[in-house]
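Accompanying notes for the structure given below.
The values are calculated or read from the model by the stated rules, or taken from the named source; none is laboratory data. Since this is a predicted model, take the numbers as computed values, not measurements. Neighbour counts run over all protein chains shown; Cβ positions are idealised from the backbone, glycine included. Only protein heavy atoms, including side chains, enter the accessible area calculation; ligands, DNA and RNA are left aside. Shrake-Rupley method; radii C 1.70, N 1.55, O 1.52, S 1.80 Å.
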Amino acid sequence: MATPPRALDTISLCSTVSSCPDRNGFYGGFQRSDKPKEPLSKAQIIAREKKWLYMIDNWSIYMSKNYKKIRDRCRKGIPKSVRPKAWFYLSGAYLLKKKNPDVYEELLKKPGNPSTIEEIRKDKHRQFPFHEMFLDEEKVGQIELFNVLKAYSIYNPKVGFCQAQAPIAAFLLMHLPAEDAFWVFVSVCDVYLQDYFIPGLEVIQNDAGILEGLLKKTCPPVYRHLQKHKVEPLLYMTDWFLCAMTRTLPWETLLRVWDCFLAEGIRVMFKVALVIIGASLSRHKVRKTCTGLCETLEVLRSPPEHIMEEEFIINNMMRLNLRVEDFQIEHTRQKARRAKQKAQQDGLAPGGGASSSRRNMPTL
């Protein structure tokens, strides 16, 4: 089986590391890119920056009266110079920080749960090991990553620490000061990915069913192929969703996806997943060579490079024939299905009992 992209970051440094980092700070790994980014003109860059700065200065007005403008500008891509501040506002982290002054520093002073702290300490060196911020324990990246994860485990002891959170926290630290990154991280874990990281993974199982239903609507031939070979969504989408694509997408694609994700919510992850699945297996010739579960998973875990490019992902996300109602219908179906399962497990009449609540999916 081919090596999944994220697994490449565990391969020996000797064979993959360059002597100098790329423009995003990567010395190696699948997210390193020496390909020059297609430049905008200086005038275009300045114009976009001015629009974003004005919008941020009038944030409450835009959010309440012209959210569509925010969404559309996120879809075009946030200027690199503005992205840290834009993410801080889009996620609502600026409000969390304002309501909780000095809380981050207070959390850092607390000892935390010893077993949780030890888990974090063991895991922090595994995140983006080819990036200049995280090359060794003395680098500021690993120090701040430990602090953010420790602070969150104390802030939300119900969740504590889950390994899937670490790449998200590391990703945010590459763009924001530690305290700001912490509050964006809180928002992502507690709102955007609410209940993803609690034991049992019930929400990710629910979302696997939603993804399957949406795939049936958007790409029936691929849906039928996966059904035929019993390729369950949890076998390929768990890491995509739990890590919010941070260990899956090329860097420039990941940035564009997060611009949309922080504006539009979890539906963006569904759309990215649908594009990857659909494009990877859309050709009959490809499906014909996937004669079983293993061959199909190999394709899904190592999609062709052109499918993962930012313009391909973003453009095809926008072209998906999905309405808000489609997500709501699938969510309702999964809720009813899980309620029925729970009722049967509890020995109640089918349809009885109550399903666990699910966080509201942010609107488009």
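Before moving on, here are some points about what is shown:
Results for (1) open to solvent by 70 Å² or more (accessible area, probe 1.4 Å); (2) modelled with pLDDT of 95 or more; (3) of a type in the set (Asp, Glu), shown as yes or no for each residue.
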position: Asn315; (1), (2), (3): no, yes, no
position: Met318; (1), (2), (3): yes, no, no
position: Glu325; (1), (2), (3): yes, no, yes
position: Arg333; (1), (2), (3): yes, no, no
position: Arg337; (1), (2), (3): yes, no, no
position: Gln344; (1), (2), (3): yes, no, no
position: Leu348; (1), (2), (3): yes, no, no
position: Gly353; (1), (2), (3): no, no, no
position: Pro362; (1), (2), (3): no, no, no
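- Only one of the numbered conditions (1) under 26 Å from Asp259 (Cα atoms); (2) open to solvent by less than 60 Å² (accessible area, probe 1.4 Å) is violated by Pro220, and that is (1).
- The condition (being open to solvent by 30 Å² or more (accessible area, probe 1.4 Å), assigned to a helix (DSSP H, G or I) and out of contact with any Ser or Thr (no Cβ under 8 Å at 6 or more places or on another chain)) is satisfied by just one residue among Thr238, Thr253: Thr238.
- Residue tally, condition buried (at least 20 other Cβ atoms within 10 Å of the Cβ) and within 25 Å of Ile168 (Cα to Cα), over segment 223-235: 1
- Entry remark, segment 197-212: residues being open to solvent by less than 20 Å² (accessible area, probe 1.4 Å) and of a type outside the set (Asp, Glu) number 8 in total.
- Spans of helices (runs of 4 or more DSSP H) in segment 52-129 with at least 2 residues surrounded by fewer than 12 Cβ atoms within 10 Å (Cβ to Cβ) and of a type in the set (S, T, N, Q): 59-65
- Residues of segment 176-191 satisfying the condition of being closer than 16 Å to Ala244 by Cβ, in a helix (DSSP H, G or I) and of a type outside the set (Phe, Trp, Tyr): Ala181, Val184, Val186, Ser187, Val188, Cys189, Asp190, Val191
- Every pair of residues 6+ apart whose Cβ atoms lie under 7 Å, when the first sits in segment 317-344 and is over 29 Å from Leu254 (Cα atoms) while the second is at pLDDT 90 or above: Arg333/Gly213; Arg337/Gly209; Arg338/Asn206
- Screening segment 19-50 for residues that are surrounded by 11 or more Cβ atoms within 10 Å (Cβ to Cβ) and hydroxyl-bearing (Ser, Thr, Tyr) and picking the one that is farthest from the chain's Cα centre (by Cα) gives Tyr27.
- Residue check, Gln194 under 30 Å from Lys342 (Cα atoms) and not in a helix (DSSP H, G or I): yes
- Scanning segment 197-216 for residues that are in a helix (DSSP H, G or I) and either farther than 14 Å from Ala273 by Cα or touching a Pro at 6+ places or on another chain (Cβ under 7 Å) (or both) yields a total of 7.
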